[in-house]
1. What FRET efficiency would be calculated for the residue pair L112, D164, taking the C-beta separation as r and a Förster radius of 35 Å, to the nearest 0.05?
2. Taking the Cα centre of each part, how many Å lie between the stretch 1-39 and the stretch 129-181?
3. What nm value, rounded to one decimal, do you get for the distance between D149 and Q79 when each label is placed 7 Å out toward the C-beta?
4. With a 1.4 Å probe and every protein chain left in place, work out the accessible area per residue of the stretch 1-51 in Å², rounded to a whole number.
5. Whose amide H sits under 5 Å from the amide H of I120, counting only residues 5 or more places off or on another chain, with H placed in the peptide plane?
6. Quick check: at a probe of 1.4 Å, how many percent of the accessible area of the stretch 1-120 sits on carbon and sulfur atoms?
7. How large is the dipole of the chain about the Cα centre if only Lys and Arg carry +1 and Asp and Glu carry -1, each at its Cβ, rounded to the nearest 20 debye?
8. Taking 35 Å as R0, compute the FRET efficiency from the Cβ-Cβ separation of E178 and A2 and round it to 0.05.
Amino acid sequence: MARLGHVRERVGRAADAAGRPAASVRLMLAVKRQPEALVREAVLAGATLLGDNTVQELVAHAPGIADLGPELHLIGHLQSNKVNAALRWATCVQTVDSVALADRLARRCVTLGRDLDVMIQVNVSGEPAKHGVAPECAGALAEHVAGLDRLRLTGFMTVGALSDEDAVVRAGFRRLREVRDEVAGSGVPGTAHATELSMGMSGDLESAVAEGATIVRVGSAVFGDRPARPAR
């Protein structure tokens with residue numbers, strides 16, 4: 001797990017360069033089809049926050065690491081028909097991008113008698129292949145989510161622009177921070193604590209930290225290239 005230590009150092013340097021305490025940025029490991037043994041090794045090495053891109057991956061490895069007590073987030077698109085499976089293990093769903101999904105999660109959480117942390121996924125780049133609401137629609141969705149029973153709105157998430165230009169990538173991260181500040185400062189009940197900014201991955205975490213990220217999602221920089229999907 002030497003790579004894990006190197007990434008922690010990167011995060012610390014980025015925070016220092018931005019004039020922020022290193023502790024203000026949490027490192028999430030995006031596990032992305034990694035074998036259970038490797039995920040366990042990472043948790044035993046001190047990783048406490050893990051992110052899964054699909055419900056199938058979450059369900060596959062979560063039982064084998066549950067004894068270690070990591071925090072498990074869903075960071076990929078959640079289909080409505082997978083809500084029940086996701087809620088067996090996820091402590092947070094970072095990818096709420098519609099009223100329908102938020103309502104489905106809330107109804108199920110009421111039935112289960114449990115609370116769930118959620119974030120609003122925002123498509124700051126406008127790229128059609130990416131999930132998330134447009135920045136101008138994020139506030140309305142956040143207010144709706146904040147009013148739902150059993151859901152706790154904790155912040156906002158985005159995937160950075162697919163661009164080699166740092167200025168373009170940073171502009172998107174800055175826009176998410178502006179959305180967060182507008183919502184958290186709105187005075188609407190349930191929004192004051194929506195301060196998390198989940199943004200930045202292996203290739204752009206420094207830019208994300210510079211723009212205020214509180215969670216960076218790193219996979220390949222720790223685990224290497226993700227394993228191929230198994231043949232069907």
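The values are calculated or read from the model by the stated rules, or taken from the named source; none is laboratory data. Since this is a predicted model, take the numbers as computed values, not measurements. For neighbour counting, all protein chains shown are included, and Cβ atoms are generated from backbone atoms with ideal geometry for every residue, glycine included. When the accessible area is computed, the model is the full protein with side chains, heavy atoms only, and any ligands, DNA or RNA have been set aside. Shrake-Rupley method; radii C 1.70, N 1.55, O 1.52, S 1.80 Å.
1. Efficiency, rounded to the nearest 0.05: 0.20.
2. For the stretch 1-39 versus the stretch 129-181, the Cα centre distance is 22 Å.
3. Output for this residue pair reads 2.9 nm.
4. 49
5. Placed amide hydrogens put G155, F156, M157 under 5 Å from I120.
6. Details: 2690 of 5210 Å².
Carbon with sulfur: 52 percent of the solvent-accessible area.
7. I would put it at about 620 debye.
8. Numbers: r = 37 Å, r/R0 = 1.06.
Working from the Cβ atoms, E equals 0.40.
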